[in-house]
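Participant: Right, I'll just put the structure down here and ask away after.
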Amino acid sequence: MNWRARAERLRALPLPVVLAALEATPDPGDRAKWRTARGVLSVTGAKFINWNQGVGGGGAIDLVMHVQEFGFGQALQWLEERFDPGSPVEPGFRPAPRALTLPPPCVHHWPRVERYLIEQRRLPRPLLTPLVHAGILYADARANAVFLLGETPATAVGAELRGTTSGSWRGMAPGSRKDHGCFSVSTASVDALVLCESAIDALSCHALHPAFRCLSTSGARPDPAWLTVLLRLGLPIFCGFDADPTGDALAQRLILLHPAVRRLRPPAKDWNDALRLHPR
């Protein structure tokens, strides 16, 4: 099957099936709406639109490009890895969870990744060093920064990947289970918990507020399953999603679901922008 035929078949996949593979969740009050890492999407047949961002598209490839922030080739590969090109996909089908595949560490690329995090993202080296020693943060063979979801490499349930080369890219390790764990950073004494949209934002928020334990939801998600466990700790919990329409809307949704959570809006577009404006 040539690439055009492959693309046409994958483009025609039912969007609800692809959204399920993207770990999006349907809105219980409106079957046409899905909550994704990029905000709430309205889906009509093969078309979708993100009203918060004012963008939309048609077909499964456009959908994956939008939600995962992929290029065309990356989206095609992502779909092919999850849907057998030779098998028909029924509209009601929900793919089985994929086995977690973490990228192996590549020590050779760590200097590049470290420079990116320190020089471009302005993250303090003392904040990164213990995470590197613990194996929670490392470089992979493509010079991506890898942030593990979980307390140790042995218990990791996924990983956020952030590109450090000229092209801006971010994604998740195949098989990541974002509802089973998260990336977090804290010190021994914790005054409050802050939910952030990414590992880099969590690190940035903690650099600005060292007494806070900062956790990444790996995308603006209003109801991660592990949040109920945190609510039982009795500590103040803040939603630190981005200061943009998507972040505000999903923060509002999260607070409606969990009234104990309060809003902590970044003083810039996101926590990393705030840190770069006022580095520590």
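Participant: Could you rank the peptides 227-237, 130-140 by their average count of other C-beta atoms within 10 Å per residue, with the highest value first?
Facilitator: Going by the mean number of other Cβ atoms within 10 Å, highest first, we get 130-140, 227-237.
Participant: Also, quick follow-up: Report the gain in length on full extension from VAL107 to ALA192: 0.36 nm times residue separation, minus Cα-Cα distance, nm rounded to one decimal.
Facilitator: Here the segment from VAL107 to ALA192 would lengthen by 27.2 nm.
Participant: If you don't mind, another one. For segment 164-280, what Kirkwood radius comes out of the mean inverse Cα-Cα distance, in Å?
Facilitator: 14.4
Participant: What does the helix-only formula give at 222 nm for the chain: each DSSP H stretch with n ≥ 4 adding -39500 (n - 2.57), the total divided by the residues, and the result rounded to the nearest 500 deg cm²/dmol?
Facilitator: Mean residue ellipticity, 222 nm, calculated: -8500 deg cm²/dmol.
Participant: Can you give the convex hull volume per residue for the Cα atoms of segment 195-246, as a whole number of Å³?
Facilitator: Residue-normalised Cα hull volume stands at 77 Å³.
Participant: With the cut-off at 19 Å, report for segment 142-212 the share of all Cα pairs above it, as a whole percent.
Facilitator: Counting every Cα pair in segment 142-212, those more than 19 Å apart make up 38 percent.
Participant: Do me a favour and compute the ellipsoid semi-axes for the chain from its Cα gyration tensor, root of five times each eigenvalue, largest one first, whole Å.
Facilitator: Semi-axes from the Cα gyration tensor: 31, 23, 17 Å.
Participant: In the chain, which Cys residues have no partner Cys with a Cβ closer than 4.7 Å?
Facilitator: Here CYS106, CYS182, CYS196, CYS239 come out as lacking a disulfide-compatible partner, given the Cβ-Cβ threshold of under 4.7 Å.
Participant: Okay, moving on. Compute the normalised compactness of segment 3-82: alpha-carbon radius of gyration over 2.2 N^0.38 Å, N being the residue count.
Facilitator: Compared with the compact-globule rule of thumb, segment 3-82 sits at 1.01.
Participant: Please sort 240-248, 215-223 by packing, taking for each peptide the average over its residues of neighbouring beta carbons within 10 angstrom, highest first.
Facilitator: Highest-to-lowest ranking by the protection proxy: 215-223, 240-248.
Rule-based calculations on the coordinates, nothing more; no lab input. Only a predicted model underlies this, so the values are computations on that prediction, with no experimental measurement involved. We place every Cβ from the backbone using ideal geometry, glycine too, and count neighbours over all the protein chains shown.
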